[in-house]
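The values are calculated or read from the model by the stated rules, or taken from the named source; none is laboratory data. These numbers were taken from a predicted model, which means no experiment stands behind them. Glycine gets a Cβ as well: all are built from the backbone with ideal geometry, and neighbour counts include every protein chain shown. The accessibility values were calculated without ligands, DNA or RNA, using every heavy atom of the protein model including side chains. Shrake-Rupley method; radii C 1.70, N 1.55, O 1.52, S 1.80 Å.
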Amino acid sequence: VQLQASGGGLVQAGGSLRLSCGASGGTFSRYGMGWFRQAPGKEREFVAAIMWSGGRPYYADSVKGRITMSRDNAKNTVYLQMSSLKPEDTAVYYCAANTRYSSNWDAPGGYDSWGQGTLVTVSS
């Protein structure tokens, strides 16, 4: 499956952004999907995930209450709605697909397809 992330940009602290990730080449509705981010000089970290079976998404503690992940299987797209953004949210955001039903839904190793990343910069 191929993933294409978009929607990043420059925003002031307290602002909002919505990231999108479109999928092609696979059966999207069968995949668990995740969002990760990587700040300069730091390791890639988990942000949010939604299972192939649907249900409520899972969030990292650092973004709970500020970020909402959703999926639209009809459009083969997942979204990451971010609000109350902070400078520490600055990072390249990656979407990823878990096509092999890995149980490691909160770790990069649990995903086997990655998008190219979209940069989010939050100014103070």
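Brief remarks on what is shown
- Restricting the range 107-124 to residues that are outside any strand (DSSP E or B) and in contact (Cβ under 8 Å) with a residue 60 or more places away in the chain leaves a set whose member that is farthest from Arg30 (Cα to Cα) is Ser124.
- Scope the range 72-106; condition farther than 30 Å from Gly14 by Cβ and in a loop (DSSP other than H, G, I, E, B); matching residues: Asn73, Ala74, Asn76, Thr99, Arg100, Tyr101, Ser102, Ser103, Asn104
For every residue, the table says whether it meets (1) out of contact with any Leu (no Cβ under 6 Å at 6 or more places or on another chain); (2) surrounded by 15 or more Cβ atoms within 10 Å (Cβ to Cβ); (3) at pLDDT below 95; (4) among the aliphatic types (A, V, I, L, M).
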site	(1), (2), (3), (4)
Gln4	yes, no, no, no
Gly8	no, yes, no, no
Ser16	yes, no, no, no
Leu19	no, yes, no, yes
Ala23	no, yes, no, yes
Met33	yes, yes, no, yes
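- Of all residues in the range 52-69, those that are open to solvent by less than 30 Å² (accessible area, probe 1.4 Å) and over 16 Å from Lys86 (Cβ atoms) total 3.
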